[in-house]
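S.K.: Can you keep this structure in mind? I'll have questions shortly.
The values are calculated or read from the model by the stated rules, or taken from the named source; none is laboratory data. Just so you know, these numbers come straight off a predicted model, no measurement behind them. All Cβ positions, even for glycine, are placed from backbone atoms using ideal geometry, and neighbour counts span all protein chains on display. The protein model used for the area step is the full one, side chains on, heavy atoms only, and it has no ligands, DNA or RNA in it. Shrake-Rupley method; radii C 1.70, N 1.55, O 1.52, S 1.80 Å.
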Amino acid sequence: MPWTPALIPPQAGHRAIVTGATSGIGYEAALALAGAGAEIVIAARDLAKAGATEAAIRRVHPAARIESRALDTARLASVRAFASAWAAEGRPIDILLLNAGIAAVPRREETEDGFERQLATNYLGHFALTGLLLPTLRQQSGTRVVAVASIAHRSGTIAFDDLHLRRAYGPQSAYRQTKLAMLMFALELDRRLRAVGSPVRSVAAHPGVAATAIARRGDRAGRLAERIGAGLLGLVGQSAARGALPLLYAATAPEAEGGHYYGPDGLWEVRGQVGPATIAPHAADPAAAARLWALSETLTDVTYPL
């Protein structure tokens with residue numbers, strides 16, 4: 001039978017932090033988790049949007065336990081402030097859903113940390129956040145770190161000699177690099193968790209082609225693809241709510257396995273029911289993942305306690 005949000009196990013007593021939850025698949029995931037009884041933390045750059053998201057979720061689920069916190073994954077100072085405040089409160093995390101992202105920024109931008117903006121927002125900020133929050137993850141088999149990747153990872157490459165693309169920037173290639181990095185990170189994190197006997201699972205997921213605003217800052221090709229995707233949604237892609245299903249499955253389904261990747265099961269994984277997703281061979285290379293991990297620790301100055 002198709003997997004639906006009705007199959008989410010009861011989440012009462014569980015706590016989920018969702019990045020990028022103010023719109024798109026992040027919002028749909030937070031909405032479904034709240035409906036299942038989870039306590040939701042919306043980690044967002046724009047607290048006004050986060051407040052509106054809280055209100056929207058409460059209109060559907062009046063008894064939802066939900067709060068907003070400032071987090072800009074493009075800024076290491078913001079990531080550290082979020083993690084420090086969280087650690088000081090000693091509240092365990094059951095689901096860490098790493099969803100925030102931007103796509104196809106037209107011209108190369110550099111963050112205050114000297115990172116290419118898409119890489120900082122989509123990957124390096126999440127790498128740092130996970131490492132800093134790792135001690136607060138509840139140590140049980142149901143605890144999940146879910147990294148949102150993309151079918152775009154298949155044509156992505158990690159530019160180890162020019163990670164921030166200072167010599168050769170392309171809006172689409174920069175995005176593909178970040179989604180490949182997220183998938184490699186998820187797989188490598190699971191390997192490291194298993195190596196130390198941790199019960200926490202690291203799982204990856206992708207939404208297929210879903211109607212979201214990820215390319216709102218995108219180049220002409222990115223914006224055109226988004227408009228075409230919206231216009232042909234019934235034929236080609238799927239709604240944000242359906243796009244969120246693989247994320248929810250990865251975050252809650254008892255049968256979702258650590259070190260695995262889930263997405264739509266239809267043609268080219270663009271749309272469909274939740275199922276195992278294809279991992280490109282270069283994304284499954286442990287040596288490349290270990291190299292990326294070491295470089296990420298150096299860049300973020302975050303060392304994982306594993």
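S.K.: Once you place label points 7 Å from the Cα toward the Cβ at residue 291 and residue 56, how far apart are they in nm?
M.R.: 4.1 nm
S.K.: Considering only protein heavy atoms and a 1.4 Å probe, what is the carbon-and-sulfur percentage of the accessible area of the chain?
M.R.: In the chain, the share of accessible area belonging to carbon and sulfur is 56 percent.
S.K.: Residue 140: net charge of surrounding residues, Cβ under 12 Å, Lys/Arg +1, Asp/Glu -1, itself excluded?
M.R.: Numbers: positive: 138, 144, 201; negative: 94.
Summing Lys/Arg as +1 and Asp/Glu as -1 gives +2.
S.K.: If the only charges are +1 at each Lys and Arg Cβ and -1 at each Asp and Glu Cβ, what is the size of the charge dipole of the range 56-160 around the Cα centre, to the nearest 20 debye?
M.R.: That gives the range 56-160 a dipole magnitude of about 400 debye.
S.K.: What label, among (1) 65, 47, 41; (2) 57, 44, 36; (3) 51, 46, 37, belongs to Cα extents along the principal axes in Å computed from the structure on display?
M.R.: Given (1) 65, 47, 41; (2) 57, 44, 36; (3) 51, 46, 37, the structure-derived one carries the label (3).
S.K.: Let me ask something else. Length gain on complete extension for the stretch residue 107 to residue 47, per 0.36 nm per residue less the alpha carbon to alpha carbon distance?
M.R.: Extra length available between residue 107 and residue 47 comes to 19.0 nm.
S.K.: Highest mean first, how do 242-254, 47-59 rank when packing is the count of other Cβ atoms within 10 Å averaged over residues?
M.R.: With the highest mean Cβ count within 10 Å placed first, the list reads 242-254, 47-59.
S.K.: Can I ask one more? For residue 297, what accessible surface area do you get with a 1.4 Å probe? Give it in Å², rounded to 10.
M.R.: 40 Å²
S.K.: Please calculate the 1.4 Å probe accessible area of residue 69, with all protein chains present, and give it to the nearest 10 Å².
M.R.: About 40 Å², rounded to the nearest 10.
S.K.: Between residue 298 and residue 88, what FRET efficiency follows from the Cβ-Cβ distance if R0 is 30 Å, with the result rounded to 0.05?
M.R.: 0.70
S.K.: Accessible area per residue, 1.4 Å probe, Å², for the chain: what's the number?
M.R.: Result: 40 Å² of accessible area for each residue.
S.K.: Still on this structure: Between the range 271-306 and the range 111-189, what is the separation of their alpha carbon centroids in Å?
M.R.: 8 Å
S.K.: Can you list residues from other chains, or at least 5 along the same chain, whose modelled amide H is less than 5 Å from the amide H of residue 210?
M.R.: HN-HN under 5 Å from residue 210: 238.
S.K.: Quick check: residue separation of residue 141 and residue 268 times 0.36 nm, minus the Cα distance between them. What number comes out in nm?
M.R.: 42.6 nm
S.K.: So if each residue of separation counts as 0.36 nm, and I subtract the Cα-Cα distance between residue 168 and residue 12, what length gain in nm does that give?
M.R.: Working it through step by step, the gained length comes to 51.3 nm.
S.K.: Same structure, new question: Largest first, how would 190, 265 line up by accessible area (1.4 Å probe)?
M.R.: I get 265, 190, largest accessible area first.
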